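To start, the structure under review is shown below, and the notes come after it.
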Amino acid sequence: MAKEPVAIVGIGQTKHVAARRDVSIAGLVREAALRALADAELTWADIDAVVIGKAPDFFEGVMMPELYLADALGAVGKPMLRVHTAGSVGGSTALVAANLVSARVHRTVLTLAFEKQSESNAMWGLSLPVPFQQPLLAGAGGFFAPHVRAYMRRTGAPDTIGSLVAYKDRRNALKNPYAHLHEHDLTLEKVQASPMLWDPIRYSETCPSSDGACAMILTDRAGADRAPRPPAWVHGGAMRSEPTLFAGKDFVSPRAGRDCAADVYRQAGITDPRRQIDAVEMYVPFSWYEPMWLENLGFAEEGEGWKLTEAGVTELDGDLPVNPSGGVLSTNPIGASGMIRFAEAALQVRGDAGAHQVEGARRALGHAYGGGAQFFSMWLVGDTPPTG
């Protein structure tokens, strides 16, 4: 039996900020869920199951928070699943929900991801000891900076590329009312003059710490027929993982990322991603990861990703817009960051992205990664139902 086509009929986000002290975790997630329900013109009674995800529980210090969030999300007496794959969890959570619909286990599923990082200290929460290495890390940037430096050494990329990405994404964020950082007076010179945090990553080239939630409602073909507006459709989705450390691991372009993208493209019938995909919402917590992932995802040949960035190809009005929403560099409630990428991709093909809409976007890729560049989740969405 063929898989059931999966449609995204509802999308909701909170306004992402440094600290939402006006709501509890339950209030935060309910806010995003209610906006997704309103977008789909559905009620709690229309939801068959809930799939929720977040980053490590020690970020807020509340263990297994899904157990007490069921009431806030209308899940009392309904199946509720928790997903966790580190920073890629938002994407993985959406894929689990999509698979439930695709397999006809449930017809309409609410999927949601969140983080309330103001209730902890994410930087030190991410400063975990790495086996067989000196304990010199401070935050995720301390782990990833050597990989960025390796990319620069491998490709000969000039040290200005990171600032170009950061400047682009922060300007895109000004067009997104939900984005955390709205830096109206930012200039390229200010980015390049910002303090060095983890060589070669500067302060303005790194992601913020945000409170926020994102929700989507996924449904089958019959549910899509009842939707108030044309939905986005899932054309392909996949997850891949690999160990944090192993002999021969390529930290610059992990195999799990390459394999994940290849699987998604195969499902969606994509043979030339550079030409066939209209917009990309890519998980870029540190600006240098844009050119690195452009190569890992097949948009550029090895060593050529930084040239696309430098040429303006990834600008909002470029040939391949990357992170029109402002991306993780502008908004980072870690557990939700991957789902925001997936949701923003869906908004693009629905034509509902507002001021950061990519003109004529018919296919968009949502991408997330997590851990030590070891967990990957991606989906490709389109404006028409998948064929085959």
Requested in this report: Give the residue that is farthest from the chain's Cα centre (by Cα), with candidates limited to residues of the range 108-122 that are in a strand (DSSP E or B) and not acidic (Asp, Glu).
Outcome: THR108
**Report entry** Among the candidates ARG341, ARG350, ARG362, residue that is within 18 Å of ARG240 (Cα to Cα) and either at pLDDT below 95 or basic (Lys, Arg) (or both)
**Finding:** ARG341
Report task. Quickly run through the range 253-310 and pick out the residues that are hydroxyl-bearing (Ser, Thr, Tyr) and either assigned to a helix (DSSP H, G or I) or surrounded by 22 or more Cβ atoms within 10 Å (Cβ to Cβ) (or both). Result -> TYR265, TYR283, SER287, TYR289, THR309
Report task. Please state which one of ALA157, ALA166, ALA179 is in contact (Cβ under 8 Å) with a residue 60 or more places away in the chain, part of a helix (DSSP H, G or I) and not charged (D, E, K, R). Result -> ALA166
**Report entry** Residue list for the range 164-176, filter: surrounded by 22 or more Cβ atoms within 10 Å (Cβ to Cβ) and in contact with an Asp or Glu (Cβ under 9 Å, 6 or more places away or on another chain)
**Finding:** LEU164, VAL165, ALA166, LYS168, ASP169, ARG170, ASN172, ALA173, ASN176
**Report entry** Of residues in the range 222-244 being under 11 Å from ALA256 (Cα atoms) and part of a strand (DSSP E or B), the one least open to solvent (accessible area, probe 1.4 Å)
**Finding:** ALA238
Report task. Would you mind finding the one in ALA256, ALA262 that is of a type in the set (A, V, I, L, M, F, W, C) and either under 16 Å from THR155 (Cβ atoms) or under 17 Å from the mean Cα position of the chain (by Cα) (or both)? Result -> ALA256
Requested in this report: Take ALA213 and decide whether it is under 22 Å from GLY338 (Cβ atoms), of a type in the set (A, V, I, L, M) and either surrounded by 19 or more Cβ atoms within 10 Å (Cβ to Cβ) or touching a residue at least 12 places away in the same chain (Cβ under 8 Å) (or both).
Outcome: yes
Report summary line: Residue hits (the range 183-214; farther than 20 Å from VAL148 by Cα and under 19 Å from the mean Cα position of the chain (by Cα)) are SER209, SER210, ASP211, GLY212, ALA213, CYS214
Report task. Keeping to the range 183-207, report how many residues are open to solvent by less than 20 Å² (accessible area, probe 1.4 Å) and in a loop (DSSP other than H, G, I, E, B). Result -> 2
Query raised in the report: Does any residue of the range 273-291 turn out to be free of Cβ contacts under 8 Å to residues at least 24 places away in the same chain, of a type outside the set (Gly, Ala, Ser) and on the phi < 0 side of the Ramachandran plot?
Result: yes
Requested in this report: Go through the range 365-384 residue by residue and tally those that are hydroxyl-bearing (Ser, Thr, Tyr) and in contact with a Ser or Thr (Cβ under 6 Å, 6 or more places away or on another chain).
Outcome: 2
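Conditions tested, residue by residue: (1) closer than 23 Å to PHE58 by Cα; (2) open to solvent by less than 10 Å² (accessible area, probe 1.4 Å).
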position: GLY318; (1), (2): no, no
position: VAL322; (1), (2): no, yes
position: VAL328; (1), (2): yes, yes
position: ARG341; (1), (2): no, yes
position: ALA346; (1), (2): no, yes
position: ARG362; (1), (2): no, no
position: LEU365; (1), (2): no, yes
Requested in this report: Would you be able to tell me the number of residues in the range 52-109 that are of a type in the set (A, V, I, L, M, F, W, C), open to solvent by less than 30 Å² (accessible area, probe 1.4 Å) and at pLDDT below 95?
Outcome: 3
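The values are calculated or read from the model by the stated rules, or taken from the named source; none is laboratory data. What you see is a predicted model, and the numbers here were worked out from it, not measured in a lab. Glycine gets a Cβ as well: all are built from the backbone with ideal geometry, and neighbour counts include every protein chain shown. Ligands, DNA and RNA are stripped out before the accessible areas are found, and what is left, the full protein with its side chains, is counted by its heavy atoms. Shrake-Rupley method; radii C 1.70, N 1.55, O 1.52, S 1.80 Å.
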